[in-house]
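Here's the structure, in structure tokens; my notes come after.
The values are calculated or read from the model by the stated rules, or taken from the named source; none is laboratory data. Note that this is a predicted model, so its numbers are computed, not measured. Every residue, glycine as well, gets a Cβ built from its backbone with ideal geometry; the counts of neighbours run over all protein chains shown.
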Amino acid sequence: MGTKRPADSMMALRLAVAPDFRQVLPQMLAGLRSEHSRRSYERAVKGFLVWLQDHQEPVTPTSFARYRDHLTAIKLAPASVALIVHAIRSFARTAAEIGLIGQPTYQALRLVRAPRLLGTRAGRWLLTAEVTRLMLAPPGGSLRGLLDRAILACLFAGALRRGECAALTCGQLTVREGRPLLVDIRGKGGRVRSVPLPPWADLRLRTWLQAAARCFHLRRVESEFPAAAAPLFLRVLGSQGRYQHPVWLPLSSEAVYQVVRRAADRCGFVLAPHDLRRTFAKLALKGGAGLDQVAVVMGHASVATTERYAGGGLDLDRSPCDTLRNPDLEPGPPGGGS
């Protein structure tokens with residue numbers, strides 16, 4: 001799971017000829033608190049530098065604007081283009097601070113704006129029956145199946161991001177006032193939150209913990225699992241039921257993505273982990289949960305963000321178009337007509 005993709009290796013090889021700007025990256029990334037943001041910004045900046053090398057252009061406002069237009073031309077989503085533009089502006093600020101580019105150039109680079117995304121994309125979410133199919137997709141009779149079921153429960157019932165899910169420890173699963181909780185989850189912007197869990201999700205997590213701990217005992221492996229500081233989710237080796245066993249290695253966020261992909265493939269869905277957060281927001285609000293509480297569980301700084309996750313206020317049950325008369329049921333004009 002931790003191996004580099006071919007595109008990443010090729011990018012690193014081509015960046016070796018740009019040592020001056022490569023030294024800016026560590027200093028820029030050090031100022032970001034989120035590991036997810038560091039990965040995204042690093043990849044965005046490296047992509048820009050490779051593009052500059054391929055086109056033999058220096059870092060200028062003109063080349064920056066051309067690269068932004070190139071990203072739009074290849075049909076990259078506006079939100080993705082916006083992230084890349086912000087990353088490059090942050091990179092330019094750091095380069096100016098250490099003297100690699102002049103202040104006039106940096107001020108001109110700041111004026112290059114990302115394309116505006118008007119309105120709200122509906123995104124992808126599941127219906128209640130589809131959630132049930134997805135939650136039951138992993139086979140419950142194997143260790144890997146129990147692991148996958150527990151992860152799916154966290155992503156949906158806990159509304160976790162995949163990086164947050166991968167980083168969970170056993171000590172974060174607890175009970176307060178009779179309610180199962182995942183506590184002290186560190187999300188975007190350094191915000192820390194606690195997430196209540198329904199009993200069925202808590203049962204899935206504890207069933208996985210008991211099965212993994214039993215495997216360590218049967219294999220006579222010295223292990224402190226499930227100690228408080230131990231990773232909640234471990235890698236499982238082996239392809240057949242009774243030969244599967246956990247190893248003392250935490251899951252990566254990419255492994256969490258693959259869990260969702262396996263379950264979605266079994267159901268015939270096209271689904272990403274973040275779609276389960278969107279599904280949580282949509283179904284929780286539809287079930288009567290307060291918008292402010294849904295925002296707290298999801299770790300949003302603003303309820304406006306939560307509204308976007310829930311479809312931007314789009315009501316598919318009581319849509320304005322339902323008030324329109326159906327012309328196909330109206331009597332036609334005299335004399336007929338096609």
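Summary of values
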read-out	value
Pairs, first farther than 18 Å from residue 146 by Cβ in segment 251-264, second in a helix (DSSP H, G or I) and basic (Lys, Arg), C-beta under 7 Å, six or more apart	253/162; 257/162
Meets criteria (in a helix (DSSP H, G or I), hydrophobic (A, V, I, L, M, F, W, C), under 18 Å from the mean Cα position of the chain (by Cα) and at pLDDT 90 or above) for residue 84	yes
Selection status of residue 126, surrounded by 19 or more Cβ atoms within 10 Å (Cβ to Cβ) and not in a helix (DSSP H, G or I)	yes
Hits in segment 145-172 (condition: outside any helix (DSSP H, G or I) and within 19 Å of residue 277 (Cα to Cα))	158, 159, 160, 161, 167, 168
Residues of segment 72-85 satisfying the condition of being touching a residue at least 40 places away in the same chain (Cβ under 8 Å) and closer than 14 Å to residue 43 by Cβ	83, 84
Residue satisfying condition, being outside the structural domain of residue 35 (by TED's automatic domain parsing) and in contact with a Phe, Trp or Tyr (Cβ under 8 Å, 6 or more places away or on another chain), within set 157, 96	157
Contacts under 9 angstrom Cβ, first residue in segment 294-316 being more than 15 Å from residue 189 (Cβ to Cβ) and assigned to a loop (DSSP other than H, G, I, E, B), partner modelled with pLDDT under 75 and of a type in the set (S, T, N, Q), 6 or more apart	311/120; 312/120; 313/120; 314/120
Segment 50-62 residues that are in the same structural domain as residue 91 (by TED's automatic domain parsing), paired with ones that are not in a helix (DSSP H, G or I) (beta carbon under 7 Å, 6 or more apart)	52/59; 53/17; 53/18; 59/101; 61/111; 61/112
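Here is a yes/no grid of residues against (1) at pLDDT 90 or above; (2) under 20 Å from residue 32 (Cα atoms):
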| position | (1), (2) |
| --- | --- |
| 51 | yes, no |
| 58 | no, no |
| 65 | yes, no |
| 75 | no, no |
| 91 | yes, yes |
| 99 | no, no |
| 105 | no, no |
